[in-house]
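Structure record follows, encoded as structure tokens.
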Amino acid sequence: MDLFADYQQENGHEHKGSYEPKVEIRPWYVLLVDDDEQMHQITRLALNGFTFQGRPLDLISAMSGTEAQEKLGENDDIALALIDVVMETEHAGLELVKYIREECNNKMIRLVLRTGQAGQAPEDTVIQEYEIDDYKEKTELTTQKLRTLLYSMLRAYRDLCLIKEQKEGLSRVIQASANVQNTTTLKTYAESVLGQLTSLLKLHSSAFYCIVQPRPEGEECRALTLAATGDYVDFYSECNLDRLPDQVAMRCRLVLNSQQSQDFGDASVLFITDDRGVDNLLYINIEDDLCELDKQLLEIYMHNIGLTFEKLNLLVDLRETSKELVYNLANAVEARSRETGAHVQRVSLISEKLAVLYGLPEQEVDMLKSASPLHDIGKVAIPDSILHKPGKLDAQEWEIMQKHVEYGVEILSRSKRRLIAVAKEIAATHHEKWDGTGYPHQLFGNQIPISGRITALADVFDALGSKRSYKEPWTDDAIMQEIVAQKGKHFDPDLVDLMIEHWGDFIAIRNQLPD
């Protein structure tokens, strides 16, 4: 079982090498709240050209506490607010602080009160009673002190954002780890861990991690991207390095050829060969050179995610092997009863289609598809004279034939596996009827589990269209008429409606696997 092919089929799409990722520099948003226009002008002049970590300021002005609330509602990414205490009222600034912290529940934004009337709001009282980060008199804020204040506040805001991102990233990792056995969650798992690492190490958010398949001599490198973030997210599942941006692809090839990690100034490419002999690449945009500790952490990430992928690959292989064994066992049963192995495959696919249309969760659909071929496994215990009788069974023979349900349940009760448990449920209930006239327990309506109701309809639909020792195949029109006639009697009315609505799809499934 090769997951590379699965990922390429499910997620593959082309991207041209002419695409180059663009890094958009986001500013730091700072809200100036003051009813004195001159204070706005002086502050803007003092902070002209100010940058922090390569990002400029975007100063947003508000002339009152009310206007400041509007500005906050328009922008949820404001890092710092410089707030005058006395504006439209004597305590307008303090009321704005309470609004931000309590009504908006915004604990991230840094708040600094500026006052020209210190006696109006004593510093000690304000610091104790209001959740602010600093309190300054306007007269003491020289240009240098204002800039120093900005560095301090933006640094604090950055660190709070980092902590928040780490918590969210860890939550995603935990959630993804809980479901890592599902193939579709590996992307979420790997990207969550990658995002957590780049956040923790304060690296650029644009990165991708891939494993490179061994290739025959003369063929191009094929890479499976397990995780991609930022500017590279569109390249998830690319399987050809030539489809990456030209410069990125060139750097990856240099590292692959040298078998060594390399730094390229604005990016770093880490390389390891894991215990399986598979090459692993981590390409990450950087602003500063990686220290040795950072590289070690990233290499550990690569190693562990690679192992997780390998284990997942093995798990999927085991699942497919289990399904094959179920099919082979079901085929053996059908062969003994002189029904073709294609019957159980068709019942499996028809059951899957009905389950999807009915809206069952993906995992239940897959389980039903895998278990339904064993619906008649109990027939192995039925005498050949009854199984192969060309005519109608007499009452005694019919009573013996009905016992195949009991035999099937007994056979399947010997396993505790979820797949076999569903198969047992199907074997026990797929001869029950919606109106309660079925066997063995005369269950009716929703007393019959959905697995049994679906398999019952799938089994009859296919059996009517197939040749048996006691009958010729029915026409499609005759099959439809019979199924409609049995709506609410033999079959679940909702399932019948779904089958009739999508009749062509079910005929196509049957025709794909002829006897």
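Values in this text are rule-based calculations from the coordinates and carry no lab data. Everything numeric here is computed off the predicted structure, so don't read it as measured data. Using ideal geometry, Cβ is built from the backbone for each residue, glycine included, and neighbour counts are taken over all protein chains shown.
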Q) Between rounded, prolate and oblate, where does region 337-512 land on the alpha carbon gyration tensor, with a ≥ b ≥ c its root eigenvalues, rounded for a/c under 1.5, else prolate if a/b exceeds b/c? A) rounded
Q | For 210, 291, order by how many other beta-carbon atoms lie within 10 Å, fewest first | A | 291, 210
**Q.** Least to most buried among 513, 244 (fewest other Cβ within 10 Å first)
**A.** 513, 244
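Where does each of 60, 509 land when they are ranked from fewest to most other beta-carbon atoms within 10 angstrom? Spell out each step's value before the answer.
Numbers: 60 17, 509 20.
Listing 60, 509 from fewest to most nearby Cβ atoms yields 60, 509.
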